[in-house]
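What follows is a set of notes on a single structure, which appears directly below.
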Amino acid sequence: MDPGIRDTQLRQAAFDHVNRLAAVRGGVLGSADLAAGFEFDGERIPLVNPQRGIFKPRQMAGLLSIRTVFPRQGGRVWYDDQKDAHRQIYAGDDVVEYAFMGTDPNSPDNRWLREAMEQQIPVIYFLGTSPGRSQPIIPTFIVGWHPERLRVELAFGAIIGASAEATVPAAPERRYALREVKARLHQASFRDAVLAAYGGRCAISHLPEPRLLDAAHIVMDADEQLGQPIVSNGLPLTKIHHAAFDANLIGIDPDFGIHVADRLLEIHDGPFLEIGLKGIAGTRIELPRRAEDRPDRDRLAFRFEEFKKST
């Protein structure tokens, strides 16, 4: 088979595998997902090099993926660290920067970046959202080469249905795709931060299964003054408790007490309603270990007024 055709087929298989996995994982992949790679023609193909951010499998002629890892720093809580890659993405208009590997523009890793730019090859960008977790952005293109700054520029294309034969997007499409990336990054990093603060447990039910938990905003992010994506404006809740909280069927007062709307208390229909919803009335939410991560009382008071008005 022609090496170029095989490269395209292998790249498409990688895109399809990562997209399927991301759909199951809620858009964010764990370290084990990346380490497992994918299968092509009966052979396991890696997705990343665990030791390096720029990766070309030996089975391919061109670059497959780049990666920005969210670092751990000693015993510090990860969401206190400066998120340089995130800041660049939030500040970007239609392109963002990505650093060379080392200081030699002619090293193999950096040559793969240049060749991907020259050949307009779409790649996967695994953007770290928290330690051990990454948001895949497909397709990503290298569109600028700046050896004097040891940087390349990245542009993102249409995120859904990415093709290995995709072409470099025009500026309007880049801007639209970057807005989508920002929204997804906001959701993923806020969720990871809130769940980390509470030890991966629901603040109401104490359920310790992250795949069944959401990060609920106390004050919705549409509120410019109080709706910031910070831990003290978030609560980890099971999906049903999240839905009930958003619908003001559950309220939480500034002293962390849980209230249940009368319309739920008046329903008698099965054990889950009795235990999982009606049974939480009069209890208190579980609080995170760090005082600075606890729900902001002013935000709780603001939101609790909404609950009282709706009951």
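The values are calculated or read from the model by the stated rules, or taken from the named source; none is laboratory data. Bear in mind that the values here come from a model prediction, so they are computed numbers and not experimental data. So basically every Cβ, Gly included, is an ideal-geometry build from the backbone, and we count neighbours across all protein chains shown. Protein only, heavy atoms only, side chains kept; ligands, DNA and RNA dropped before computing areas. Shrake-Rupley method; radii C 1.70, N 1.55, O 1.52, S 1.80 Å.
Side notes on the structure shown:
- Of all residues in segment 265-282, those that are surrounded by 14 or more Cβ atoms within 10 Å (Cβ to Cβ) and assigned to a loop (DSSP other than H, G, I, E, B) total 1.
- Subset of segment 23-49 [surrounded by 19 or more Cβ atoms within 10 Å (Cβ to Cβ) and in a helix (DSSP H, G or I)]: Asp33, Leu34
Let's see how each residue does on (1) open to solvent by 70 Å² or more (accessible area, probe 1.4 Å); (2) out of contact with any Phe, Trp or Tyr (no Cβ under 8 Å at 6 or more places or on another chain); (3) of a type outside the set (Asp, Glu):
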position: Leu213; (1), (2), (3): no, yes, yes
position: Arg263; (1), (2), (3): yes, yes, yes
position: Arg284; (1), (2), (3): yes, no, yes
position: Glu306; (1), (2), (3): yes, yes, no
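- Unmet requirement for Thr167, which otherwise passes all of (1) at pLDDT below 95; (2) in contact with a strand residue (DSSP E or B) (Cβ under 6 Å, 6 or more places away or on another chain); (3) open to solvent by 50 Å² or more (accessible area, probe 1.4 Å): (2)
- Scanning segment 284-311 for residues that are farther than 14 Å from Leu226 by Cα and part of a loop (DSSP other than H, G, I, E, B) yields Ile285, Glu286, Leu287, Pro288, Arg289, Arg290, Arg294, Thr311.
- Per the conditions (1) open to solvent by 10 Å² or more (accessible area, probe 1.4 Å); (2) without any contact (Cβ under 8 Å) to a residue 60 or more places away in the chain; (3) over 25 Å from Arg25 (Cβ atoms), the sole criterion not satisfied by Arg174 is (2).
- Residues satisfying the stated conditions in segment 219-249, i.e. free of Cβ contacts under 8 Å to residues at least 60 places away in the same chain, open to solvent by 20 Å² or more (accessible area, probe 1.4 Å) and in a loop (DSSP other than H, G, I, E, B): Met220, Asp221, Ala222, Asp223, Glu224, Gln225, Gln228, Pro229, Ile230, Ala247, Leu249
- All told, Lys308 meets the bar of being closer than 22 Å to Ala222 by Cβ, free of Cβ contacts under 8 Å to residues at least 60 places away in the same chain and not aliphatic (A, V, I, L, M).
- When we screen Thr129, Thr103 for residues that are open to solvent by 30 Å² or more (accessible area, probe 1.4 Å), β-branched (Val, Ile, Thr) and either outside any helix (DSSP H, G or I) or modelled with pLDDT under 90 (or both), the only hit is Thr103.
- Selection from segment 252-303 of residues that are of a type in the set (Phe, Trp, Tyr), more than 22 Å from Leu195 (Cα to Cα) and touching a residue at least 24 places away in the same chain (Cβ under 8 Å): Phe302
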